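**Q** Quick one: the structure is below, and I'll ask about it shortly.
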Amino acid sequence: MVSNIRSLGLQGIGGYVVRVECYLSNGLPAFDVVGLPDAAVKEARDRVRAAIKNAGFSFPVSRLTINLAPADTRKAGTLYDLPILLGILACTGDLPPLPQDAAFFGELSLTGELRPVRGALSMALCAAREGIHTLYVPAANAAEASFAEDVTVYPVETVGALAAHLRGETALRPAEPPHLDAPTWDGLDFLDVKAQENVKRALEVAAAGGHNLLMVGPPGAGKSMLAKRLPGILPDMSREEMNEATQIHSVAGDIDPAAPIVTTRPFRAPHHTVSAAAMSGGGSIPRPGEVSLAHTGVLFLDELPEFSRETLEVLRQPLEDGRVTISRASGSYTYPSGFMLVCAMNPCRCGWFGQPGGRCRCSRSAVQQYQSRISGPLLDRIDMIVEVPALNFDELKARAPSGDSSAAIRARVNAARSLQRTRYGSDSGRNAAMQAKELREFCALSPECETLMRSAFEALGLTARSYDRILRVARTIADLAGGGALRPEHIAEAVQYRTFRLESEA
């Protein structure tokens, strides 16, 4: 007898439909799984056998063949435990024929309880696209999976409870989609930062348009302090962005069961010893790296020149394309990586180059060698370079907070990002991602602006990429001012963020 159960699989962060075919035949007892299973899938034989017996059913003394179709796609993980078990019970007559508009996935314990798996939302979204209306998933995955629209998700605690539901004895209750509260920020506030108004403004512009930013300054000037407060001013996430971020973090196994949907923009700050593979993603079965885990959010690299050259260079493709492709013998995997890069660095190894008092003992060549660890092509992909000066005594002793709170800045950032979403007709639209056609349409220069840009281009020796990035930043500055056409003051401020020159560029 043959039974056919629908399940789902993962490839990258996308899902695909898998048919779990079970064939029960005469012959010597055997239990074979085919269809390019990995070790975890093959081990399902022992988990399924124990779960069937401990759930009160009899395991058939026959030859069992399980085929996972499509058979030419490698299957990985423990999510096929549940459909394999159901296929066997359907073959033995312990369960009625299973509905073909339903799909099942989940890992089994030896006692018949269901354990969560990775990528529940990705598979639920795939189910909705493929016309699967009902999903049976481990109870711990139900809230995440129910965030997908047009699919009914049933949380399953045990094999016994699912069998009773499928036989029509005791119905399971569908999971309710998670309630998403309005995002609030009660963490670090920009009011804690004394002075540094120019850097706060630069961070506001960067957050409003999703621009890449480099802060350069001596130790103790507040670079890390400012960066850690950046999450408090990032714009609210759209549903599309929540979907994408949740899928990536779920596939990476980085989801909190108590908060299964990513509702705040990620802020990733890997240590400078991180490897190139950890940054871009990798493994025999590739997992998302830091550039993908920071998708829709911020990737913060503190002490930028201390990162290895190889690690920094893997950032170039994700920064340009908004995605990273990892190729392995088993296939190519593409992960989104639309992040905002924020970096901080000292001007030299000791940190005091250019500061009064003669504290720096680095030679000019040593300073250039230190800064040259950051390649020109990578610097060219950074929209804004801001100097963070050391504070003087009067600024440090001031007790009254200076500047606006994070809440006030975030309100302006949200207003600017709302203009961008309307302009580009996309919930994830941002100025930093403008293409050539959009630059021509939305960044047209008046004669006064053109004269200013020509002077800056010739004086600073800008590249074509730098020219485009100045226009994008100017567009964001205009949006923070309420929108409308670019004006000379918008261009001037955007050019200001390209005037700081590292010694390695001099």
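**Q** Can you report the number of residues in the range 323-379 which are touching a Pro at 6+ places or on another chain (Cβ under 7 Å), among the hydrophobic types (A, V, I, L, M, F, W, C) and without any contact (Cβ under 8 Å) to a residue 40 or more places away in the chain?
**A** Of the residues in that region, 0 qualify.
**Q** State which residue is farthest from PHE147 (Cα to Cα) when the search covers only the range 101-115 and only residues that are of a type outside the set (S, T, N, Q) and open to solvent by less than 10 Å² (accessible area, probe 1.4 Å).
**A** Ranking the qualifying residues of the range 101-115, first place goes to GLY112.
**Q** Can you tell me how many residues in the range 461-501 are assigned to a helix (DSSP H, G or I) and either open to solvent by less than 60 Å² (accessible area, probe 1.4 Å) or closer than 14 Å to GLY209 by Cα (or both)?
**A** The number of residues fulfilling the criteria is 21.
**Q** Sticking with this structure for a sec: When you go through (1) open to solvent by 10 Å² or more (accessible area, probe 1.4 Å); (2) in contact (Cβ under 8 Å) with a residue 60 or more places away in the chain; (3) not basic (Lys, Arg) one by one for THR170, which number turns out not to apply?
**A** Every listed condition holds for THR170 apart from (2).
**Q** So GLU458 clears everything in (1) assigned to a helix (DSSP H, G or I); (2) in contact with a helix residue (DSSP H, G or I) (Cβ under 6 Å, 6 or more places away or on another chain) except one condition, right? Which one?
**A** (2)
**Q** Scan ARG118, ARG49, ARG45 and give me the residue that is open to solvent by 50 Å² or more (accessible area, probe 1.4 Å), assigned to a loop (DSSP other than H, G, I, E, B), of a type in the set (Lys, Arg) and in contact (Cβ under 8 Å) with a residue 12 or more places away in the chain.
**A** Answer to the selection: ARG118.
**Q** If we only count helices (runs of 4 or more DSSP H) wholly inside the range 203-319, which ones have 1 or more residues that are among the acidic types (Asp, Glu) and under 24 Å from ARG373 (Cα atoms)?
**A** Result: 290-293, 309-313.
**Q** Which of the residues that make up the range 121-143 are open to solvent by 10 Å² or more (accessible area, probe 1.4 Å) and either part of a helix (DSSP H, G or I) or in contact with a helix residue (DSSP H, G or I) (Cβ under 9 Å, 6 or more places away or on another chain) (or both)?
**A** LEU125, ALA128, ARG129, HIS133, THR134, TYR136, ALA139, ALA140, ALA143
**Q** Continuing with the same structure: Give the range 373-403 a look and list any residue that's within 29 Å of the chain's Cα centre (by Cα), small (Gly, Ala, Ser) and either surrounded by 17 or more Cβ atoms within 10 Å (Cβ to Cβ) or not in a helix (DSSP H, G or I) (or both), or say none. Full working, then the answer.
**A** Residues of the range 373-403 within 29 Å of the chain's Cα centre (by Cα): 373-388.
Still in the running and small (Gly, Ala, Ser): 375-376.
The answer is SER375, and nothing else.
**Q** Considering only residues of the range 1-39 that are open to solvent by 40 Å² or more (accessible area, probe 1.4 Å), of a type in the set (S, T, N, Q) and more than 30 Å from THR325 (Cα to Cα), which is modelled with the lowest pLDDT?
**A** Filtering first and then ranking leaves ASN26.
**Q** Restricting attention to the range 326-354, which residues are open to solvent by 60 Å² or more (accessible area, probe 1.4 Å) and either aliphatic (A, V, I, L, M) or out of contact with any Lys or Arg (no Cβ under 6 Å at 6 or more places or on another chain) (or both)?
**A** Residues satisfying the conditions are SER327, ARG328, ALA329, SER332, ARG349, GLY354.
**Q** Regarding the range 232-253, can at least one residue be identified that is in contact with a Gly (Cβ under 6 Å, 6 or more places away or on another chain), open to solvent by less than 10 Å² (accessible area, probe 1.4 Å) and β-branched (Val, Ile, Thr)?
**A** Scanning the range 232-253, I find at least one residue that is in contact with a Gly (Cβ under 6 Å, 6 or more places away or on another chain), open to solvent by less than 10 Å² (accessible area, probe 1.4 Å) and β-branched (Val, Ile, Thr), so the answer is yes.
The values are calculated or read from the model by the stated rules, or taken from the named source; none is laboratory data. Please read all numbers here as calculations on a predicted model, not as lab measurements. Please note: Cβ atoms are built from the backbone with ideal geometry, for glycine as well, and neighbour counts cover all protein chains shown. Note: accessible area is taken over every heavy atom of the protein model, side chains too, but ligands, DNA and RNA are not part of it. Shrake-Rupley method; radii C 1.70, N 1.55, O 1.52, S 1.80 Å.
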